[in-house]
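Each value in this text was obtained by applying a stated rule to the coordinates, not by laboratory testing. Keep in mind that this is a model prediction, so the values were computed, not measured. Please note: Cβ atoms are built from the backbone with ideal geometry, for glycine as well, and neighbour counts cover all protein chains shown.
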Amino acid sequence: MFAAFYRNDMKQFTRNQWLVWFGLLFVLVSTSFILFGGANTETYDGFNTTTASLLNVNLFLLPLILFVMGAVSVAAEKEEGLFALVVSYPISYMQLVTAKILSLVTAMLLILCFSYGVASMAGFFTGTSLASNTLILFLFLSVLLIVLLAPLAIFMGVCTSTKFQAMALALGVWAFLVLLYEFLFMGLITMVPPLSLTVFLTLAVAANPVELVRVATIIIMDGGVSLGPSLYDFTAYLSGGFGALILAVFAVLWLIVPTAVSYGLIRGGKTHGS
């Protein structure tokens, strides 16, 4: 039964025009950065202007695509009355939530692999391709971002009743996490004692999956210099055992908490109707 629900959700995503248009947008933007982001160099190894630009593209577009597709897909089922029918089938609510999360992740991976494939081919034929190890690393970190955000996207669909509500919530959460969050905690830095600054920054980064992946990418690619000498202790702390442990714990929480809350809402019957 789980496999049947997963296949059905995948069919809905692949037939969704959002997937096509978002995929084309991501292909266009990522290919443009590959071709024109560093036209004066032949290859791009390490963390430089091109990789930083591609990182920003990933962190800007992937959450937007994922939130809109995930939230609206669930809300559409509820608005059309299909969700009430689905929960009546002999499948556990946890399996239902998991199937929706996995189908969303798979659909996003299709966009990601297609986009990177087109961009890499374009870069190869024009002599501006990314180094293979950099490309693989970006792909892995993009997958990590998708996996961390997918439960939150499904949760937004579960707790809304219409596609309009889901769209509004998805855009609001995306704007907060991607556009407003860093300004918020940067403003709070002035209120934090210097001795507690490193721990505060670590918790602030870990509490936002987008920033978590951004900082993880910078550290893994040895681009800590881009954060400036004043944050050397911060990057060193995150590279150590305890700092990395905090990031790992929060990453697991971003997987578990939205999934558990979605399960609880569905089980409570508060989301069955429109």
**Asked** Which of the peptides 105-114, 259-268 is most tightly packed, and how do the rest follow, judged by the mean count of other Cβ atoms within 10 Å per residue?
**Response** 105-114, 259-268
**Prompt:** Add -39500 (n - 2.57) for each DSSP H run of 4 or more in the chain, then divide by its residues: what number comes out at 222 nm, to the nearest 500 deg cm²/dmol?
**Reply:** -25500 deg cm²/dmol
**Approximate spin-label separation residue 168-residue 17, in nm, with each point projected 7 Å along Cα-to-Cβ** = 2.3
**Message:** How would 118, 192, 249 line up from fewest to most surrounding beta-carbon atoms within 10 angstrom?
**Reply:** 249, 192, 118
**Prompt:** For labels at residue 144 and residue 84 in the simple 7 Å Cα→Cβ model, what's the distance in nm?
**Reply:** 4.4
**Request:** Taking the chain as the reference, fit the longest principal axis to its C-alpha atoms, fit the long axis of helix 93-126 to the helix C-alpha atoms, and give the angle between the two in degrees, 0 to 90, nearest 10.
**Result:** 40
**Asked** Using θ = phi - 60° and the Karplus form 6.51 cos²θ - 1.76 cosθ + 1.60, what ³J(HN,Hα) does each residue of the stretch 239-250 get, whole Hz, x for Gly and Pro?
**Response** 6, x, x, 6, x, 5, 5, 4, 4, 5, 4, 5
**Request:** Please turn the phi angles of the stretch 6-17 into ³J(HN,Hα) values with the Karplus equation 6.51 cos²θ - 1.76 cosθ + 1.60 (θ = phi - 60°), one per residue in order, whole Hz, x for glycine and proline.
**Result:** 4, 5, 5, 5, 5, 4, 5, 5, 5, 8, 7, 5
**Asked** Nearest 20 debye, what's the magnitude of the dipole of the stretch 2-267 about its Cα centre given +1 on Lys and Arg Cβ and -1 on Asp and Glu Cβ?
**Response** 680
**the chain: angle of helix 209-220 to the longest principal axis, Cα-based, in degrees nearest 10** = 30
**Asked** By the gyration tensor of its Cα atoms, with a ≥ b ≥ c the square roots of the eigenvalues, what is the shape of the stretch 75-228: rounded for a/c under 1.5, prolate for a/b over b/c, or oblate?
**Response** oblate
**Request:** Specify the inter-centroid distance of the stretch 79-131 and the stretch 161-211, based on alpha-carbon positions, in whole Å.
**Result:** 25
**Message:** Take residue 256 and residue 203, extend 7 Å from each Cα along the Cα→Cβ direction, and tell me the distance between the two endpoints in nm.
**Reply:** 1.9
**Message:** Taking Cα Rg over 2.2 N^0.38 Å straight from the coordinates, which label in [x] 1.07; [y] 1.11; [z] 0.93 is the correct one?
**Reply:** [x]
